[in-house]
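Data first, discussion second: the structure below is written as structure tokens.
The values are calculated or read from the model by the stated rules, or taken from the named source; none is laboratory data. Small disclaimer: the values here were computed from a predicted structure and weren't measured. Don't worry about glycine lacking a Cβ; one is built from the backbone with ideal geometry, like all the others, and counts go over all protein chains shown. Note: accessible area is taken over every heavy atom of the protein model, side chains too, but ligands, DNA and RNA are not part of it. Shrake-Rupley method; radii C 1.70, N 1.55, O 1.52, S 1.80 Å.
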Amino acid sequence: MTQILFTWLFILNCFQIYAGYEAFERMAFYGIAANLVVYLTTQLHEDTVSSVTNVNNWSGSVWITPVIGAYVADSYLGRFWTFTISSLIYVIGMLLLTMAVSVKFLKPTCANGVCNKATPFQIAFFYTSIYLIAVGAGGTKPNISTFGADQFDDFNPHEKKLKISFFNWWMFSSFTGALFATLGLVYIQENLSWGLGYGIPTVGLMLSLVIFYIGTPIYRHKARRTGHPTSDLYRVFAGAFTNRKLILPIRPSELHEFDQQYYITTGKRRIHHSAVFRFLDKAAIKQEGKDSKPRALCTVTEVEEAKLVLGMTMIWLVTLIPSTIWAQINTLFVKQGITLDRHFGSNFQLPAASLGSFVTLSMLVFVPMYDRYFVPLMRKKTGNPRGITLLQRLGIGFVIQILAIAIASAVEVKRIHVIRVHQIQRPDEIVPMSIFYLLPQYVLLGIADVFNAIGMLEFFYDQSPEEMQSLGTTFFTSGIGVGNFLNSFLVTMVDKTTGRNGGKSWIGKNVNDSHLDYYYGFLLILSALNLVAFIGASKKYIYKREAVDIEEKCVQMESKPLDLSPLQV
């Protein structure tokens, strides 16, 4: 009884600590990201394409750098120490950013609401601070979520069941921080002080780290059993290439693999043979070298780990276009909103970036509904502990995203119609159309994220090789990062192509004289084609089958026969 009570108290404490950090960290991130395009255009006087490109490049960096942070954690420092060092870098970046928008000689001087052009030093200081934040995020983002998941014991049925809900509630805390940022911080930034708007999340982030480190004595640390787990991947691909001319044995049991006792002794997990990417099986062909000594063979488990990474890469590729849709929330959607009537009541004017709070609100509403109602309902019908498979969850989210971008295009068509009717020409003229016309696209993207954002995080963590789960999680973060870079590339190319030879750019400096509806239509076509590719990739994907999965079904590993189907060359 005492042990059970301790376990539940431990799990509750972990939820509070990790959720607390994620809420504050997301508040800091979205406090910057949600309104960065406004700061660049109003304070640093960048044009539409430049500001959108710079926001996308910075956001892309924030989501790409976790690849490096995860590699360092999995290969050298471990998750806890990588997070510890990176969190300090993150805080330093936040402090410098607060100085950049507060200290008089570090920011452009303003008079009567008009700011002078920033000096090269001011620009360099500002961008140094936000990219320092990107470096810090690289070590914190992939490690804090996986470190949190590590606190749950997969061999304890009660804890494993709770782990299924962990990522849902982890993201719930993330949405809470984002909501405060988009509702409160952006208003403070535009109406009170940019310094105060960045200073609040800085203090919050420092407080969250204090809370996190208070819990240090109770944390569970998953021991690294290999020095450089990614080196096994290189060995598999190199071995498969070296043995490319050899013929695969008829039975998988003839490939090189350690016996079950080895995995019991080492604590590692054995992965069973699968029939996909069969060319990699050649890395495990038993053969004597010229010196009559056995070559350094790869095991079936090592080969299967390489197959998992290859399979996840295939899924990762079809998440890039959906990430470009997500990138619109803090860029072009905000530029649209600035041109619309933002009055809420007679005296209050809603900041354009605050509409992004409805993405968060819809997620906050639907995450508990998904976890408490949808999953149990589908679990009864499918027998799957998650209700539906991870890839089915992604697919549903992608479909909802397509609907959202279709509505965004339709709303932009209406905005352009109102502009023509009222003969609006200047970029600073307000279009007599409520900003709440944009609300459906924000809400739908929030609902979509309940399925695809959380689904991607859980998918890449769950399907990663055991020793590479931090690096595996970066499939999620890097997909968002590359999606931002891809959107930056698309915006730049579309602007240059459509504005060539004096033509009207779809994404011009004057948003009131552009064709964002065409650009959204272009994204809609890309999304539809991508959905077809995703369905094809999902049909070919085979989920990871570990020893622990088989044991839970009461099948003895030692007596279970391997797949006897022939292997093709």
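May I ask you to list the residues in the range 26-65 that are closer than 12 Å to Glu190 by Cα and open to solvent by 20 Å² or more (accessible area, probe 1.4 Å)? Thr42, Gln43 - these are the residues of the range 26-65 that are closer than 12 Å to Glu190 by Cα and open to solvent by 20 Å² or more (accessible area, probe 1.4 Å). Condition check: in contact with a Ser or Thr (Cβ under 9 Å, 6 or more places away or on another chain) and under 21 Å from Phe83 (Cβ atoms). Does Tyr461 satisfy that? Answer is yes for this residue.
Taking the conditions (1) of a type in the set (Val, Ile, Thr); (2) surrounded by 21 or more Cβ atoms within 10 Å (Cβ to Cβ); (3) within 27 Å of Thr473 (Cα to Cα) in turn, Thr266 satisfies each one other than (2). Determine whether the range 138-150 contains at least one residue that is in a loop (DSSP other than H, G, I, E, B), at pLDDT below 80 and either of a type in the set (Val, Ile, Thr) or surrounded by fewer than 18 Cβ atoms within 10 Å (Cβ to Cβ) (or both). No, because not a single residue in the range 138-150 is in a loop (DSSP other than H, G, I, E, B), at pLDDT below 80 and either of a type in the set (Val, Ile, Thr) or surrounded by fewer than 18 Cβ atoms within 10 Å (Cβ to Cβ) (or both). Residues that are over 19 Å from the mean Cα position of the chain (by Cα) and among the aromatic types (Phe, Trp, Tyr) were ranked within the range 45-101; the one that is farthest from Leu132 (Cα to Cα) is Tyr76. Is it fair to say Tyr198 is modelled with pLDDT of 85 or more and not small (Gly, Ala, Ser)? So Tyr198 passes the test. Residues in the range 374-423 that are open to solvent by less than 20 Å² (accessible area, probe 1.4 Å) and part of a loop (DSSP other than H, G, I, E, B): Gly387, Ile388. Exactly one residue out of Thr182, Thr119 is surrounded by fewer than 21 Cβ atoms within 10 Å (Cβ to Cβ) and either modelled with pLDDT under 85 or not aliphatic (A, V, I, L, M) (or both): that is Thr119.
Just wondering, is there one or more residues in the range 77-88 that are of a type outside the set (S, T, N, Q), outside any helix (DSSP H, G or I) and either modelled with pLDDT under 90 or open to solvent by 10 Å² or more (accessible area, probe 1.4 Å) (or both)? Yes. When the range 226-283 is limited to residues that are of a type in the set (Asp, Glu) and under 27 Å from Ser75 (Cβ atoms), the one that is nearest to the chain's Cα centre (by Cα) turns out to be Asp232.
Open to solvent by 20 Å² or more (accessible area, probe 1.4 Å), modelled with pLDDT of 80 or more, small (Gly, Ala, Ser) and in a helix (DSSP H, G or I) - does that describe any residue in the range 233-249? Scanning the range 233-249, I find at least one residue that is open to solvent by 20 Å² or more (accessible area, probe 1.4 Å), modelled with pLDDT of 80 or more, small (Gly, Ala, Ser) and in a helix (DSSP H, G or I), so the answer is yes.
Only residues that are closer than 12 Å to Thr299 by Cβ, part of a helix (DSSP H, G or I) and in contact (Cβ under 8 Å) with a residue 60 or more places away in the chain were counted across the range 253-270, and they come to 1. Of all residues in the range 300-334, those that are open to solvent by 10 Å² or more (accessible area, probe 1.4 Å), farther than 23 Å from Pro252 by Cβ and among the hydrophobic types (A, V, I, L, M, F, W, C) total 7.
Close Cβ contacts (under 6 Å, 6 or more residues apart or on different chains) running from residues in the range 525-541 that are open to solvent by less than 80 Å² (accessible area, probe 1.4 Å) to residues that are outside any helix (DSSP H, G or I) comprise Asn530/Val318; Ala533/Val318; Phe534/Val318; Ala537/Val318.
Taking the criterion of being more than 27 Å from the chain's Cα centre (by Cα) and modelled with pLDDT of 85 or more, the residues of the range 284-302 that qualify are Ala284, Ile285, Cys298, Thr299, Val300, Thr301.
Of Asp341, Asp371, all but one fail to be within 30 Å of Val431 (Cβ to Cβ) and of a type in the set (Asp, Glu); the exception is Asp341.
So if I check each of Phe436, Phe475, Phe451, which one is within 22 Å of Gly387 (Cβ to Cβ) and not polar (S, T, N, Q)?
None of the others qualify; the one that does is Phe451.
Taken over the range 89-113, the residue count meeting the criterion of being part of a loop (DSSP other than H, G, I, E, B) and either loosely packed, with under 15 Cβ neighbours inside 10 Å or of a type in the set (D, E, K, R) (or both) is 5.
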